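The values are calculated or read from the model by the stated rules, or taken from the named source; none is laboratory data. Predicted model, so just to flag it, every value in this text is computed and none were measured. Here the Cβ is made from the backbone with ideal geometry for all residues, glycine too, and neighbour counts use every protein chain on show.
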Amino acid sequence: MKILPLINNFIIPRVNISNNQYDYSEQRLSLLKHSEADTFQKSIPFSGRTEVINPSRAPLEKLYKHNLTCLCCGRVMIDPKKINQLQESGVLKQNSEVALKYLEKYRNNMHSVEQEVFDILKEQSKLYPYLNIQQILNIIKPEYEKPLILTQFGIFKMIQKACENMDPKIKREVDDLIEEEKQLILAGNNQFRRKRFVRKFEQIFDDSSNSAVKEHLIRLANKLPTAYEDKNAFIIKYSSYPSEAIGIRLLSYSMCTIEHVLPKNRNGENHIFNYIPECMRCNSFRQDRRMIQQLEEHPEMFSNAQILLDRLIDFANKGKLSKLYIINIQKRVKEESEGLLDLDISKLTVSEKIRRQYFSSPETNATNSQPHTSRAENSAPDRRKKTKKEIKRERIKEQHKRKNLVRKDNNRIKK
Ligand SMILES: [Zn+2]
C-alpha cells in the first residue's frame, strides 16, 4: 500500500479509516448478502445451523478496542476509531506541545521508526513548544538530510561499481537513471522514491541473461532507505506534509486492520473465515503474497500468531466471537502456511454438537487443535467402563465361567 493514499484518507476526503484504505464496508456487506463470489467456499462448508454467522468483518472490528496484538509483529494495535477521534479533535494541528501530549499515549504502539521520530519531536518540542510538528521537522531537516544523502549516494556508488563490467548500453542506462535520481535528491525535499527507482532499475535489466547479477543489483537497490525503516528518510519525506498528516502517520502503521489470510488475488474471499487482525504495516508489507512467504521473512510470527489466536479464543469462549470462526481460521492459516503455522486451539471450549461436526475426522483428532472438552469427552467413557461395578461384574462372570468349566470337566471325568 502506498503512503500517499493513506495520508489522503485522513486529510483530503473525510472517510472512515477502519479499513486499510477507503472504507467500502457497506458495499462489501451488500455484496456478501447477494454474491456467491464473496462467500466462503473452501475448508469447512458453512451450514449456518449451529451458529448464526455474520459474514462481514464486524465481529472482529468490535474487538479492536481490546488492544489486540498483530498477527505478524505482535505489536499492540491501535483501534482505528481512536485515530479518527484524535483527528476529529483537531489536536494534531495544534502546537507540538499539545499534539505530542496526545500522541504520547500511543508511543508503545508505534513501530520503531515512528517511535524514533516521536522521541526526536518530543526532544525538539522542549525548545519549540509553540511550533507545530511540521515546523519542527523543517527546522531539524538539514541535520537528518545529510546522513540520508550520504547513504543514498553510497548505495548508488555500489550499484555503479557492480555494473562496471556490464554491457556498455546497460551501464550507460544505469548511470543516467542514477544521475536523474541524484538531481531529484539534491533539488530539495529529497523527492527520491525507492519503489519508483527499483521499478525503473528492473526495467533496464529486463532482458539481462545473468539473473544472479540482476538479483544482486536489485538487492542493493532495495537497500536504499525509505520512510518505513529509516528515521532520516521519514523526517525528510514528511517535512512537507501538514502536521495532522504527520501525527496520523506516526500512528496509522500500528492501526488494527483486517488481513485476508488467503490473498484476494488468489481468490481469497471477503468473508470472516478469511479475515484475521493484523497491523497496517505488516498488512501493507505482505501485499498479496502468500502467508508462507510472510512467515519466512518474519519467523516471530509463529509465536505472535498464537498469542493473537489465544486472545481471540478467549473472546470466543466468552461468546464475543463465533467459535466456528476460530475453527475455520485455524484451518485456513494452516492451509495458507502449507502446514507450518499449525495454531493450537485446544483452549476453545466447544459444544458436543460442534465437536462431533468438526473434530470427528482422524486428521483433526490427531493434531493439537482439538478442543479440551472433546479430548476429555473422548477418553473419559473408556476409563469409566473399566471401573467399579462393571469390572466387578466382569470378574464375577469370569469366575462363574471358570466354575462351570471345572464342573463340566469333573462330570466328564466321572463319566
Ligand atoms: Zn504488525
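Results, tabulated for the structure shown:
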read-out: Selection count, the range 239-256, where residues are over 25 Å from the mean Cα position of the chain (by Cα) and part of a helix (DSSP H, G or I); value: 2
read-out: L121 vs. criteria farther than 30 Å from I204 by Cα, touching a residue at least 60 places away in the same chain (Cβ under 8 Å) and under 33 Å from the mean Cα position of the chain (by Cα); value: no
read-out: Residues (under 23 Å from Q357 (Cα atoms) and free of Cβ contacts under 8 Å to residues at least 12 places away in the same chain) located in the range 275-327; value: K318, G319
read-out: Search result, residues across the range 58-84 that are surrounded by fewer than 18 Cβ atoms within 10 Å (Cβ to Cβ), under 11 Å from Y106 (Cβ atoms) and more than 14 Å from the ligand (Cβ to nearest atom); value: K82
read-out: Selection count, the range 335-382, where residues are modelled with pLDDT under 80 and basic (K, R); value: 1
read-out: Answer from K237, K182, K264, K195 - the residue that is within 30 Å of H66 (Cβ to Cβ) and more than 16 Å from the ligand (Cβ to nearest atom); value: K264
read-out: Tally, over the range 287-320, of residues that are closer than 14 Å to P277 by Cβ and not in a helix (DSSP H, G or I); value: 1
read-out: Pair list, Cβ < 6 Å and 6+ apart or interchain, from the range 91-114 residues that are within 16 Å of the ligand (Cβ to nearest atom) to residues that are of a type in the set (D, E, K, R) and modelled with pLDDT of 95 or more; value: H111/R281; V113/K231
read-out: Residues of the range 171-194 classified as surrounded by fewer than 15 Cβ atoms within 10 Å (Cβ to Cβ) and either modelled with pLDDT of 90 or more or closer than 16 Å to T151 by Cβ (or both), total; value: 7
read-out: Residue within the range 211-220 that is without any contact (Cβ under 8 Å) to a residue 24 or more places away in the chain and either closer than 28 Å to E114 by Cα or not in a helix (DSSP H, G or I) (or both) present; value: yes
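Listed here are the residues, each with its yes/no results for (1) part of a loop (DSSP other than H, G, I, E, B); (2) within 30 Å of E104 (Cβ to Cβ).
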position: E123; (1), (2): no, yes
position: P129; (1), (2): yes, yes
position: I139; (1), (2): no, yes
position: P142; (1), (2): no, yes
position: K146; (1), (2): no, yes
position: I155; (1), (2): no, no
position: E173; (1), (2): no, no
